[in-house]
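Written out below as structure tokens is the structure these notes cover.
Only the coordinates and a few stated rules stand behind these numbers; no lab work does. In this text, all values refer to a predicted model and were calculated from it rather than measured experimentally.
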Amino acid sequence: MTKNNIINVDLIQNELPDTSLKTSDFFYELPEELIAQTPLYPRDSSRLMVLDRESKKIEHRIFHDITEYLRPNDTLVINDSRVIPARIFGKSEKGADVELLLLRQRGADTWETLVRPGKRARIGSKIDFSGMMTAEITDIIDEGNRIARFEYDREKYKSVYEILHEIGLMPLPPYITQRLEDSERYQTVYSKEEGSAAAPTAGLHFTNELLDKIKSMGIAVVPVMLHVGLGTFRPVKAESITDHHMHSEFITVTPEAADTINNRRAAGGRIIAVGTTSCRTLESAADDSGIIQPICGDTGIFIYPGYKFKAVDARITNFHLPESTLLMLVSALAGREFIMQAYETAVREKYRFFSFGDAMFIL
């Protein structure tokens, strides 16, 4: 394969060596009042915990101070996927309330969805959405996951996306109970291609002004894309983490992005992933020697302690839910004990947690 070819993959799944870890090894106590309900203004005024993997030192800063830890030859890799108003409410054929969360587009008008309650979404059942479109359930995946085919007036509407922007709500995580006044605060300033059911939240801390400053330092900001779906946030229910199955998500790395990342890393620069989604995309696209290949397809990569990183040198991330695959991923980079120590420190120092919370920079 040449570097200018885009390859298609059905699924990327890593074989990982550590089979002894339990889901409970990633549990920590979190007071409810530390779950951030609203984003801070300005975006880069959130707190930043800096973890040095070599010295095991922890520093407490403000996010805009991140420039002090960046070098001119570094590359920030961002996920430019944009969240769609994917939460819609309809009525079953018997008039019962049904909620759909659109997770991933499977075809022009076919989507993988999460249906609540799932018992009202048998194969062949139809759901009406304000008379603007209907969804017919065509397949059952598992639990509440269904494949739905949407029908609507194609002379009036160009696509399902257009209807979603009229009737859909931003799919905020269930732990956020306060109303979001400005839906753009659940988008990164660089979001571009619609398709995510949740925000790549590590990027929410960046302002355009901060990004301009970073670029002026000689640091490259390179976009890749992962449409965030259930795979990123599905809870781990298995006792052993190796029994957990990741749902696949759609990723893209263009030839131009791959070339920039590879050239700058070859010149001695660090590859810094902004968020777990950018990290998973890079590790999915990297070959065994760490070279990023252009890619357009699905990834089901599950990263946890024992994984040997091929492409990512450092990471910017948020504080994640207990026993989540996201917490397992950051533990793979920094070490479980160091991460759990950092989380204990964050609770003690009253950091803000989860999507609208504070950030961590793992060096």
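Over the chain, with a Gaussian network built from C-alpha contacts below 10 Å, which listed residue (THR23, THR281, THR299) shows the highest mean-square fluctuation?
It is THR23.
Give the aspartates and glutamates reachable from LYS215 as a straight Cα distance under 20 Å; neighbours fewer than 8 places away on the same chain don't count.
ASP44, ASP65, GLU68, ASP74, ASP80, GLU256, ASP259, ASP313
Please report, for the Cα atoms of the range 46-180, the Rg to one decimal and the Dmax as a whole number; what are they, in angstrom?
When restricted to Cα atoms, the range 46-180 yields Rg and Dmax of 21.0, 62 Å.
Report, in listed order, any pair from LYS237/LYS350; LYS192/LYS237; LYS310/LYS350; LYS56/LYS310; LYS56/LYS192; LYS57/LYS192 with a Cα-Cα distance greater than 31 Å. Before the final figure, lay out each step's value.
Working: LYS237/LYS350 28 Å; LYS192/LYS237 33 Å; LYS310/LYS350 34 Å; LYS56/LYS310 22 Å; LYS56/LYS192 37 Å; LYS57/LYS192 36 Å.
From the list (LYS237/LYS350; LYS192/LYS237; LYS310/LYS350; LYS56/LYS310; LYS56/LYS192; LYS57/LYS192), the Cα-Cα distance tops 31 Å for LYS192/LYS237; LYS310/LYS350; LYS56/LYS192; LYS57/LYS192.
If one puts a single equal scatterer on every Cα of the range 141-294 and applies the Debye formula without solvent, what log₁₀ I(q)/I(0) results at q = 0.11, 0.15, 0.18 Å⁻¹?
-0.60, -1.04, -1.30
In the range 87-167, what is the volume of the convex hull around the alpha carbon atoms, normalised per residue and reported in Å³? It would help to have the intermediate numbers written out before the result.
Values: hull volume 6.5 nm³, N = 81.
Taking the convex hull of the Cα positions in the range 87-167, it is 80 Å³ per residue.
Using a Gaussian network model on the chain with a 10 Å cutoff between Cα atoms, which of PHE319, PHE302, PHE26 fluctuates the most?
PHE26
How long are the semi-axes of the equivalent ellipsoid of the chain, defined as square roots of 5 times the Cα gyration tensor eigenvalues? Whole Å, largest first.
Values: eigenvalues 223, 106, 90 Å².
Result for the chain: semi-axes of 33, 23, 21 Å.
Which of LYS156, LYS237, LYS91 moves most in a GNM of the chain, Cα contacts under 10 Å?
LYS156
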